[in-house]
1. Being among the small types (G, A, S) and either at pLDDT 85 or above or in contact with a Lys or Arg (Cβ under 6 Å, 6 or more places away or on another chain) (or both) is the filter here, so list the residues in the stretch 405-446 that pass it.
2. When the stretch 455-474 is examined, which residues are found to be modelled with pLDDT under 90 and basic (K, R)?
3. What's the number of the condition A573 fails, among (1) modelled with pLDDT under 85; (2) aliphatic (A, V, I, L, M); (3) assigned to a strand (DSSP E or B)?
4. Out of the residues in the stretch 632-646 that are on the phi < 0 side of the Ramachandran plot and out of contact with any strand residue (DSSP E or B) (no Cβ under 8 Å at 6 or more places or on another chain), which is most open to solvent (accessible area, probe 1.4 Å)?
5. Could you list, in sequence order, all residues of the stretch 307-335 that are hydrophobic (A, V, I, L, M, F, W, C) and at pLDDT below 90?
6. (1) buried (at least 21 other Cβ atoms within 10 Å of the Cβ); (2) modelled with pLDDT of 85 or more; (3) farther than 19 Å from E445 by Cβ: which one isn't true of C755, the others all being true?
7. Considering only the stretch 490-498, I want to know if a residue exists there that is closer than 22 Å to P451 by Cα and at pLDDT 80 or above.
8. How many residues does the stretch 422-472 hold that are in contact (Cβ under 8 Å) with a residue 24 or more places away in the chain, open to solvent by 40 Å² or more (accessible area, probe 1.4 Å) and not in a loop (DSSP other than H, G, I, E, B)?
Amino acid sequence: MTTERLFDIVNDPMRTDVRSPGRLGLEQILDAYQRDPDFASMVTRWERVPAVAPRLAPFPVWLDERIVRTLRGRGIHALYSHQAQALEAAHARKHTVVVTPTASGKTLCYDLPVLHEIAKDPSARALFIFPTKALAQDQLAELERLSTEMEIELKTYTYDGDTPPQARAAIRSAGHVVITNPDMLHTGILPHHTKWVKLFESLRYVVLDELHMYRGVFGSNVANVLRRLRRICAFYGSHPTFICTSATIANPVELARRHVEEDVVLIDESGAPRGEKVLVFVRPPVVNASLGIRRSALLTGRDIAATLLASGVQTICFTRTRVQTELLLTYLRSRFPQPQWPSDLVRGYRGGYLPSERRAIERGLRDGSVRGVVSTNALELGIDIGALQAAVLVGYPGTVASTLQQMGRAGRRGELAVAFLVATSSPTDQYVIEHPDFVLGRPPEQGLVNPDNLHVLVGHLKCAAFELPFDRAERFGTEDTPGVLSYLDEQGILHEAGGRYHWSDQAFPAEAMSLRTASNDNVVIIDTTAGRTRVIGEVDRFAAPVLVHEQAIYLHESRQFQVERLDWPSGKAYVSEVKVDHYTDAGLSVRIRVLDSFASEGVAKRSGRERFGRAHGEVLVTALATVYKKLTMYTHENVGWGKITLPEQELQTTSYWLSLAADATPGWPRERVEVALAGLGDLLHGLAPLFLMCDPHDLGLAVEVRSPHTERPTVYLFDMTPGGVGFSERLFRATDALLERAREHLAACDCESGCPSCVGPAYAIGHDVKASVAELLA
């Protein structure tokens with residue numbers, strides 16, 4: 001019985017009440033899958049994780065009686081053990097990081113200490129920092145409910161870009177708890193600290209939620225924003241206690257210390273109960289053995305999700321990209337035609353949707369009117385979206401931590417839940433699906449930040465100088481702070497007087513800095529269908545050349561829009577709705593120039609000779625979108641192409657590179673070297689994210705048959721963020737392990753001559769690509 005047949009069984013055309021469960025419950029669906037030989041042949045691991053009982057602790061004796069009474073009225077007669085530990089640490093004014101699974105009650109770990117402090121001293125203040133506006137809105141509603149039930153006067157407000165100007169003055173003077181995000185703290189609060197005197201004078205707690213999200217360039221920026229926050233707090237005489245919460249990562253204490261820059265207490269043993277959960281690892285079957293091509297993960301994921309939805313199981317699907325989100329949404333909606341099924345049965349959720357759309361989808365998931373949602377990692381975080389029973393992950397999310405987070409979105413109320421991980425053809429996905437213990441049996445990755453990266457640090461030092469003058473001997477991250485201050489003085493940005501550096505530029509420095517992307521610019525997408533003009537989304541400028549070039553098909557809520565005109569200087573893409581049977585996919589042409597080599601050495605010796613040279617350093621990357629392909633919606637066949645004419649973009653960053661030794665390819669013609677290098681690059685680029693807590697898109701790839709720098713055939717893996725955040729150095733150190741994993745994965749791949757799961761498709765690269773790469777790695 002195929003997944004399509006199982007869908008037909010539960011999709012009874014006479015059943016119109018889709019709000020109630022269908023004929024098959026979740027346990028029955030799972031049993032049918034296990035007995036289905038076609039589906040079983042795709043499963044590489046079926047793991048049943050047993051339920052876990054709670055470990056409880058009494059309420060602290062010092063906790064305000066109104067809080068205890070209200071919690072007991074909610075049926076909470078004791079705390080989970082990790083909650084009690086967090087409360088005691090916060091009460092003792094110790095910085096804390098709480099690392100427990102999704103849905104383990106981390107919110108009370110910081111809500112209760114803050115409520116107790118304000119109940120005891122109404123002049124006390126707290127600052128809650130969330131990485132997204134959606135999380136901030138979620139927390140606002142919960143805090144307001146708690147304070148109302150507890151009869152504690154608590155004025156709680158969100159302060160972000162959506163806050164009306166007329167409300168901002170009242171929030172600055174009256175807010176006990178200010179809920180914001182790092183971007184607003186950076187541009188809207190710290191530069192205007194003189195208007196926030198009450199907050200900074202009496203700031204007792206700073207909550208940093210979802211700490212694991214503050215990694216890479218975003219985390220490096222946020223660490224500097226917190227340096228500025230602590231500097232302003234010290235100026236006003238306050239020394240707040242930080243309470244951090246995080247998903248499971250390998251280095252929570254180190255990451256918290258990089259942000260707080262003081263010792264922290266780790267609480268990582270959860271006392272929360274956990275319902276029974278089934279984890280299923282699925283590898284779509286090979287459909288073309290000679291080419292090694294597998295069935296689409298999107299189509300396999302669609303069949304699984306459709307079966308669950310048709311039986312009334314509320315389901316969330318995760319995809320890796322915006323385009324995949326819209327494609328899967330289109331596929332699922334085609335399975336549930338109207339009027340038999342309601343139009344809002346399945347919704348999409350991703351960045352680029354307007355805030356009002358996202359809030360409506362969140363409400364629909366909570367009240368059950370939306371039965372399914374297809375999302376990028378935007379819903380990976382702890383937004384309350386109700387009691388989902390199933391999660392379908394289309395593609396490995398890129399890190400073990402994200403995989404566990406996304407799987408954890410199912411079963412948030414303690415009942416039986418299931419999570420499917422459906423592998424794509426990428427080398428990373430195939431490695432994970434062949435080795436499920438990579439996810440189930442190993443510690444998650446480390447969160448990497450580099451707040452002292454000069455590209456990041458200098459911008460925040462300017463912001464800090466705008467906020468408060470610098471003493472000549474003051475330190476801000478780097479030991480060479482005086483040198484940086486002197487340089488900014490020479491540039492006329494600062495002015496030294498009386499041993500202090502004062503801001504002297506006319507510009508407002510925070511406005512010119514983005515915490516999340518290399519550029520502060522976005523391209524706005526404007527729908528002009530039938531003469532109307534309305535904004536339907538936006539994309540960052542770096543992604544715009546491949547997503548909204550002219551003639552691109554832009555997908556939004558499964559509807560197709562064609563880009564009629566891209567006004568690049570103004571950052572506006574004008575689109576109109578169309579109905580076509582294809583979508584577009586654009587590629588980048590990349591050139592790389594080495595500016596500086598930080599370290600280099602030979603590796604992978606054979607018969608006493610070095611096979612490769614490895615190095616890492618600073619590079620200048622030039623990227624140009626050149627052509628796009630038209631791909632059919634369901635078969636992904638190439639049915640046309642077109643040219644893209646947009647300006648080059650430059651990125652100065654760090655890179656790791658691996659070059660072939662002079663005698664690594666004895667007697668090989670240039671064509672074979674070129675084929676082998678392309679295959680090796682695809683293989684290493686696919687596997688490198690396994691060593692880094694990053695998305696594959698965070699790492700760029702360039703190959704040169706004769707590199708001007710090394711004068712050898714060379715593969716470059718470069719950091720996609722300006723200045724780099726440590727990926728290249730980590731890969732430099734892990735070269736031996738990376739090459740060993742590449743050898744292992746290549747040997748395990750069943751294809752004959754090369755496929756998307758290992759070195760890339762032989763038909764596109766060269767018929768001897770797999771054998772050539774294997775010889776290089778032998």
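The values are calculated or read from the model by the stated rules, or taken from the named source; none is laboratory data. Since the structure is predicted, the reported quantities are computational estimates derived from the model, not experimental observations. Neighbour counts are summed over all protein chains in view; Cβ atoms, including those assigned to glycine, are modelled from backbone coordinates with ideal geometry. Just the protein is used for accessible areas: all its heavy atoms, side chains included, with ligands, DNA and RNA removed. Shrake-Rupley method; radii C 1.70, N 1.55, O 1.52, S 1.80 Å.
1. G408, A410, G411, A417, A419, A423, S425
2. Once the filter is applied, which keeps residues that are modelled with pLDDT under 90 and basic (K, R), the stretch 455-474 yields only R472.
3. Failing condition for A573: (1).
4. T645
5. If the condition is that a residue be hydrophobic (A, V, I, L, M, F, W, C) and at pLDDT below 90, then V323, L327 are the ones that fit.
6. (2)
7. yes
8. So the answer is 7.
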